[in-house]
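The values are calculated or read from the model by the stated rules, or taken from the named source; none is laboratory data. Just so we're clear, the structure is a prediction, and the values are computed from it rather than from any experiment. Cβ coordinates were reconstructed from backbone atoms using ideal geometry, including for glycine residues, and neighbour counts include every protein chain displayed. Only protein heavy atoms, including side chains, enter the accessible area calculation; ligands, DNA and RNA are left aside. Shrake-Rupley method; radii C 1.70, N 1.55, O 1.52, S 1.80 Å.
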Amino acid sequence: MLRLTFRNLGANKARFAMTTFAVVLGVGFVVASFVLSDGLRSSFGDLSDEITAGTDLQVRPVSEFGEPVPLDETLVDEIAAIDGIRLAVGFVEGDESAMQPVKSDGTTINSVGPPQLTFSWVDDEGLGAFALIEGSAPDETAEFSMDVDAATSNGFVVGSTYDLITPIGVVEDATLTGTTRFGSANDTLGAVLMHVSLDEAQRLFGVPGTVDEIAIRLDTDTDAAAVVAEISQVIPTYGVEIVDQATLNAEQKADFNQGVDIVGNVLLGFAIVSLFVSIFIIYNTFSIILGQRVREMGLLRALGADTRQIRRTVLGEALAVGLIASLIGLLAGVGIAQGLIALFDALGASLPDSPIIVSLRTIVLALTLGIGVTLVSALAPARAAASVAPMAALRDGATLGHQSSRRRLVVGSTLLSIGIAVGGFGLISPPSSTLNVVLVLGFAAAAVFLGVTLVSPVIAEPVSRGLGWPVAKGMGTAGRLARENASRNPRRTATTGAALMIGLSLVSTVLIVGESVKSRLGELLESSVQADYLIIDDSDAGVTPKLAADLADTGQFAAVTGFRYDEVRLAGFVTDMIAADLSSMGLLLSLDLQSGTLPAADVTDVIVLHTDKAEDMGVGVGDTVTVEFASGDAAFLKVAATYDDDTILDSPIVPVQVFDDAGAAAVDQWVAASLADGVSAAAAQPLIDQIQQRYPQVSIDSAAEFQERFEASIDSALTVVNALLALAIVIALIGIANTLALSVHERTRELGLLRAVGMTRRQVRRMVRWEAALVALFGALLGVAVGLLFGWGVVSALPADFAGSLNVPFLRITLLVAVAAAAGLVAAWLPARRAGRLNVLDAISHT
Amino acid sequence: MPSTTTTGIETDVAARAIGATKFYGSGDTEVRALDGVTAEFERGHFSAIMGPSGSGKSTLMHCLAGLDTLTDGRVFIGDTDLSTLSERNLTLLRRDKIGFVFQAFNLVPTLTALENITLPMDLAGRDPDQEWLDRVIDAVGLADRTSHRPSELSGGQQQRVAVARALASNPEIIFADEPTGNLDSTTGAEILDFMRDAVDNLGQTIVMVTHDPVAASHADRAVFLVDGKIVDEMMEPTAEMVLDEMKLLSRR
Ligand SMILES: Nc1ncnc2c1ncn2[C@@H]1O[C@H](COP(=O)(O)OP(=O)(O)OP(=O)(O)O)[C@@H](O)[C@H]1O
Ligand SMILES: [Mg+2]
């Protein structure tokens, strides 16, 4: 029987090739995700070793919650004086993109790309991990250096002067004193790494007299433990810790690996979706090929083969296909990983040179997944083939038996219900870990997909007939036959379409959720925001409080306030807290006050609570609550008011002075402003332009502009996700091409007859292509239907202030469906050409 | 319209082969399926091509019908020299000028009987001549079966649909390759009667390949093929005459 397995494989090479390709792509991406993350993990590990090699100890601030308070600068000298310490250096690091250099053409380096980071310069390669390549280190005010790759690619020249956008405003004509190298190879991941002197860093980032950490190198043959003990004597007992090199290294690695894991897992997720799609294609291929071999099976049975032997022959074929596909997939995966690295590099994220690591785990997983998927998909067809009666050998037109449609319906609807129930459960009360959420929802989605696939043959015939109506009307006989062919084998149409359904349902879910979030934002801005301007920083650095002050100083505004966020402990629980000018709040946001009144600007010992929070804490207006800050300070604040509208702000709000007093967050995350009565937007525009010029790093938007910006950012996120889902769709299209090729083969005689009685090649091609388009359309519509279900589920589960009611982007989804149908048309190009080229005589006498 | 090359002689010939030669393979394995066949098939006649298995009957028919090309020689449908036609024009010629009845698998399973009958005209985007169509359907006795699919028809009914299709477009000539080969003798006789009827009453031209002497007896004329050559010809054949001739030929 083994010989038969190989004969069959040989005879159906072309047909198995497409199946193999589907598995190869899926396995390839799984392998790529592992090879990529293993390689990156290894090279980042080396990088971590290198960065931390020169630092024996580090002293740094800690806090249980919130931002730790920086260290007092004087500590550096005290620590340096300790015996056994060769060098102790204080560092200041700016927030991401806090400092942005302006290129000679007047533009900044793309702010949505890799981060721009600024550090205080340390004149020691071991402690600082940076070495000078050209010029000198920055030393004075308005001097900076930059890593050599960023300088080269952005056209910065040592010795020239550039403007620097900083939190304290634009520093004009700063000199680029030199270029630097990070580690041994300047593996910056595309980040722009800059240095200024320590004094300058303290000035620019508003942290005079403090440092973020102190790096320490010990003398050789020093007892580290003794030194640590000595340091402990010097540093404050609260909010400061000492860590050793091993800890630093481990933290650094974990930090890098987090990023690697995200990339790896995202890739893996999409690879698994693709593999899942392949199941449908493999199932289809085996069903059709075996269907064409029913007589052969019958003959074997008549000659004495038992059902077990037949089943084994078929599963043997599946095993061989799976093995070959997995092996090719393994090789392809290594190639894909290299391609992805090249892609990242082209996008500007210069990844470190990674070794190609194909670990045993990767190989085992690739083989298991590839072979497993193929075997599982071939199981049902193998069973059907094994149950062929010996008599089938004698009958003309015998077909492969299938499990009854009743059973399919029952199993399908059960799976569908389970999927919906599990999905609903997963969405309503999601498990705590992200992994479990993904697993639960992934299981639910898979159950729904399988359920729909099993049930859909019931509707495949009427639906494809309905869809085919215009084709039959408009395309003549070729169109009519296309419609008939698309509906003549509902099970085949259903499974082929189902493969496409998966990709499209995920894409439309993403589109629907995105649209719902967008429209909710529109409602929120409409109902809860009265501010004329919303100001945010494009980076994470936040907005310097000077901006709000500058705006207020113009006198053109009735209300201006920044919003600062920090973590505090309130009544024993760690919670977010907002600091803002409470007196101007009424003109900017609707808080929907439930009790009390907003305090005047000069009252600083108050707090405004959301009603839910007040209820939880059992406090009301006039009660006093205790707030503890990261610095260790505490404040006793009187509840001035409670509010109910939690669309924009949902945390306790305190006057800015409270944060200033406690050393909490000093930067605004965003700023809201309303024009004074009688000042029109047009009249204020020059002023706005002026402020914009002073602080180029922020965006000053009207509510409408803000909405546009937000929608654009959602759209670009959607594009990335959908680009990755395109893989699943491509595999489904391969499936359509494959099914059509098999169908064409199966209908050779029919095609021969059609050609004999006068169907032209063009008409044959058109017939095959439109059949494919109808199958694709069917799959696409199923996908959109499932996408609506998923979208509805996700939107209902999302918090109300994030996505309100279901909002379907009809135009985009219609476009998506049309593109899918057109893609089906294109996918069938090859099978259509084959069908057109059939030799009429051979086809007529084909058996 | 297919381009035409006229022979110069206006005759009442629907199809004609001149020195038709067809080789398969080459060298030792060369098979001469047709070896210089010259024959004419008159309009309004029912002709039978007879001969033992492997004598080249089907090959001759395929070449006459534009389904296959000759190695040497020429074939004409009416005045049209098929060797001058492109693939596309051959297809159009088959669609518009020729009717086909094959031994089996004559119908498109997804189309109803009526749709199968009008298929060539539908492919041409032409409306069938309703009066003619009704007559044809009536003649083959399928009026109450037109909306059935092939799978719902018996073998004999399927062949009748096939004959109706061949007739429906009122072609220059109809080629039938062993149209009764898969049928029992009674059903076969019915089909042959229809074909006879089509020639006598509807003025059709039919060329039928068969090795059944009884089938040949329905024709006006029988042409005998052996090893790719025409060896004999018989007008108004009867079953006995044909049988005797066949015995004779097989002894050669
Ligand atoms: N495609 C082909 N390749 C090679 N040889 C062929 C091919 N088609 C036919 N032949 C050979 O040509 C000869 C004539 O074949 P043809 O099919 O015309 O015979 P026939 O008279 O129709 O026979 P039958 O009564 O069995 O149908 C035979 O010897 C056959 O083996
Ligand atoms: Mg023959």
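Against the conditions (1) at pLDDT 90 or above; (2) within 39 Å of the chain's Cα centre (by Cα); (3) open to solvent by 50 Å² or more (accessible area, probe 1.4 Å); (4) more than 30 Å from A:Gly209 (Cα to Cα), where does A:Gln657 fall short? Just the number, please.
Among (1) at pLDDT 90 or above; (2) within 39 Å of the chain's Cα centre (by Cα); (3) open to solvent by 50 Å² or more (accessible area, probe 1.4 Å); (4) more than 30 Å from A:Gly209 (Cα to Cα), A:Gln657 violates only (4).
Report whether or not B:Leu153 is of a type in the set (A, V, I, L, M, F, W, C), away from ligand 2 (no atom under 16 Å from the Cβ) and surrounded by fewer than 17 Cβ atoms within 10 Å (Cβ to Cβ). Steps first, please.
Working: of a type in the set (A, V, I, L, M, F, W, C): yes; away from ligand 2 (no atom under 16 Å from the Cβ): yes; surrounded by fewer than 17 Cβ atoms within 10 Å (Cβ to Cβ): no.
Considered against the rule, which asks whether it is of a type in the set (A, V, I, L, M, F, W, C), away from ligand 2 (no atom under 16 Å from the Cβ) and surrounded by fewer than 17 Cβ atoms within 10 Å (Cβ to Cβ), B:Leu153 comes out as no.
What are the residues in region B:121-137 that are of a type in the set (Gly, Ala, Ser) and either part of a helix (DSSP H, G or I) or surrounded by 21 or more Cβ atoms within 10 Å (Cβ to Cβ) (or both), if any?
Matches in region B:121-137: B:Ala124 only.
Just to be sure, is A:Ile282 buried (at least 22 other Cβ atoms within 10 Å of the Cβ), of a type outside the set (Lys, Arg) and within 21 Å of A:Ala80 (Cα to Cα)?
Working: buried (at least 22 other Cβ atoms within 10 Å of the Cβ): yes; of a type outside the set (Lys, Arg): yes; within 21 Å of A:Ala80 (Cα to Cα): no.
So A:Ile282 does not fit the description; no.
So which of A:Val410, A:Val422 is at pLDDT 85 or above and either more than 30 Å from A:Val795 (Cβ to Cβ) or part of a loop (DSSP other than H, G, I, E, B) (or both)?
Numbers: A:Val422 fails: either more than 30 Å from A:Val795 (Cβ to Cβ) or part of a loop (DSSP other than H, G, I, E, B) (or both).
Answer to the check: A:Val410.
Please work out if B:Ala198 is within 16 Å of ligand 2 (Cβ to nearest atom) and within 26 Å of B:Leu67 (Cβ to Cβ).
Numbers: within 16 Å of ligand 2 (Cβ to nearest atom): no; within 26 Å of B:Leu67 (Cβ to Cβ): yes.
Judged against the criteria, B:Ala198 is not a match.
Can you tell me which residues in region B:110-120 are outside any helix (DSSP H, G or I) and either at pLDDT below 90 or touching a His at 6+ places or on another chain (Cβ under 8 Å) (or both)? Before you say what the answer is, go through the steps one by one.
Quick first cut of region B:110-120, residues outside any helix (DSSP H, G or I) only: B:110-112, B:118.
Scanning region B:110-120 gives B:Thr110, B:Leu111, B:Thr112.
Would you list the strands (runs of 3 or more DSSP E) that sit entirely within region B:138-252 and hold 3 or more residues that are within 16 Å of ligand 1 (Cβ to nearest atom) and within 14 Å of chain A (Cβ to nearest Cβ)?
Working: elements: B:173-177, B:206-209, B:221-226, B:229-235.
Correct list: B:173-177.
From (1) at pLDDT 90 or above; (2) part of a loop (DSSP other than H, G, I, E, B); (3) farther than 30 Å from B:Ser154 by Cα, pick out the condition that doesn't hold for B:Thr69.
Every condition holds for B:Thr69 apart from (1).
Being in contact with a Leu (Cβ under 7 Å, 6 or more places away or on another chain), of a type in the set (A, V, I, L, M, F, W, C) and within 26 Å of B:Ala104 (Cα to Cα) is the filter here, so list the residues in region A:747-776 that pass it.
Within region A:747-776, A:Leu751, A:Ala756, A:Val757, A:Met759, A:Val764, A:Met767, A:Val768 meet the criteria.
Mind checking which residues of region A:570-580 are closer than 15 Å to A:Val658 by Cβ and open to solvent by 50 Å² or more (accessible area, probe 1.4 Å)?
A:Asp576
Away from ligand 1 (no atom under 16 Å from the Cβ) and within 11 Å of chain A (Cβ to nearest Cβ): is that true of B:Asp96 in this structure?
On the way: away from ligand 1 (no atom under 16 Å from the Cβ): yes; within 11 Å of chain A (Cβ to nearest Cβ): yes.
Judged against the criteria, B:Asp96 is a match.
Which is over 27 Å from A:Val228 (Cβ atoms) and open to solvent by 30 Å² or more (accessible area, probe 1.4 Å), of A:Asp95, A:Asp83, A:Asp56?
Working: A:Asp83 fails: over 27 Å from A:Val228 (Cβ atoms); A:Asp56 fails: over 27 Å from A:Val228 (Cβ atoms).
Sole residue among the options that is over 27 Å from A:Val228 (Cβ atoms) and open to solvent by 30 Å² or more (accessible area, probe 1.4 Å): A:Asp95.
Any residue that is within 14 Å of chain B (Cβ to nearest Cβ) and out of contact with any strand residue (DSSP E or B) (no Cβ under 7 Å at 6 or more places or on another chain) - is there at least one of those in region A:790-804? First the steps, then the outcome.
Restricting attention to region A:790-804, the residues satisfying the condition of being within 14 Å of chain B (Cβ to nearest Cβ) are none.
No, the conditions are met nowhere in region A:790-804.
In region A:463-487, which residues are without any contact (Cβ under 8 Å) to a residue 24 or more places away in the chain and either open to solvent by 40 Å² or more (accessible area, probe 1.4 Å) or of a type in the set (Ser, Thr, Tyr) (or both)? Give the derivation first.
Kept after step one, since they are without any contact (Cβ under 8 Å) to a residue 24 or more places away in the chain, are these residues of region A:463-487: A:465-466, A:469-470, A:472-474, A:480, A:484.
A:Arg465, A:Gly466, A:Trp469, A:Pro470, A:Lys473, A:Gly474, A:Arg480 - these are the residues of region A:463-487 that are without any contact (Cβ under 8 Å) to a residue 24 or more places away in the chain and either open to solvent by 40 Å² or more (accessible area, probe 1.4 Å) or of a type in the set (Ser, Thr, Tyr) (or both).
When B:Phe105 is evaluated against the numbered criteria (1) more than 16 Å from ligand 1 (Cβ to nearest atom); (2) touching a helix residue (DSSP H, G or I) at 6+ places or on another chain (Cβ under 7 Å), which criterion, by number, is the only one it fails?
If we test B:Phe105 against (1) more than 16 Å from ligand 1 (Cβ to nearest atom); (2) touching a helix residue (DSSP H, G or I) at 6+ places or on another chain (Cβ under 7 Å), just (1) comes out false.
Given B:Gly51, B:Gly56, which one is within 16 Å of ligand 1 (Cβ to nearest atom), of a type outside the set (Phe, Trp, Tyr) and either more than 30 Å from B:Asp244 (Cα to Cα) or touching a helix residue (DSSP H, G or I) at 6+ places or on another chain (Cβ under 6 Å) (or both)? Full working, then the answer.
Values: B:Gly56 fails: either more than 30 Å from B:Asp244 (Cα to Cα) or touching a helix residue (DSSP H, G or I) at 6+ places or on another chain (Cβ under 6 Å) (or both).
Of B:Gly51, B:Gly56, the one residue that is within 16 Å of ligand 1 (Cβ to nearest atom), of a type outside the set (Phe, Trp, Tyr) and either more than 30 Å from B:Asp244 (Cα to Cα) or touching a helix residue (DSSP H, G or I) at 6+ places or on another chain (Cβ under 6 Å) (or both) is B:Gly51.
Quick one: in region B:51-69, of everything that is farther than 17 Å from B:Ile206 by Cα and either open to solvent by less than 40 Å² (accessible area, probe 1.4 Å) or among the β-branched types (Val, Ile, Thr) (or both), which residue is nearest to the other protein chains (Cβ to nearest Cβ)? Steps first, please.
Step one: filter region B:51-69 for residues farther than 17 Å from B:Ile206 by Cα, giving B:51-56, B:68-69.
So of that shortlist, the ones also either open to solvent by less than 40 Å² (accessible area, probe 1.4 Å) or among the β-branched types (Val, Ile, Thr) (or both) come out as B:51, B:55-56, B:68-69.
Numbers: B:Gly51: 18, B:Ser55: 17, B:Gly56: 14, B:Asp68: 6, B:Thr69: 10 Å.
The qualifying residue nearest to the other protein chains (Cβ to nearest Cβ) is B:Asp68.
Can you pull out the residues in region B:71-106 that are in contact with a strand residue (DSSP E or B) (Cβ under 8 Å, 6 or more places away or on another chain) and open to solvent by 40 Å² or more (accessible area, probe 1.4 Å)?
B:Thr71, B:Asp72, B:Arg74, B:Ser83, B:Lys97, B:Gln103
Taking B:Pro109 as meeting all but one of (1) within 11 Å of chain A (Cβ to nearest Cβ); (2) open to solvent by less than 10 Å² (accessible area, probe 1.4 Å); (3) free of Cβ contacts under 8 Å to residues at least 60 places away in the same chain, write down the number of the exception.
So the condition that B:Pro109 fails would be (2).
Could you please tell me which pairs satisfy a Cβ distance under 6 Å, a separation of 6+ or placement on different chains, a first residue in region A:728-750 that is within 14 Å of another protein chain (Cβ to nearest Cβ), and a second residue that is small (Gly, Ala, Ser) and open to solvent by less than 10 Å² (accessible area, probe 1.4 Å)?
As it stands, the answer is A:Thr748/A:Ala843, since those pairs meet every condition given.
With a cut-off of at least 3 residues that are not β-branched (Val, Ile, Thr), name the strands (runs of 3 or more DSSP E) lying wholly within region A:565-641. Reasoning before the result, please.
Details: elements: A:573-579, A:593-596, A:606-610, A:624-628.
Correct list: A:573-579, A:593-596.
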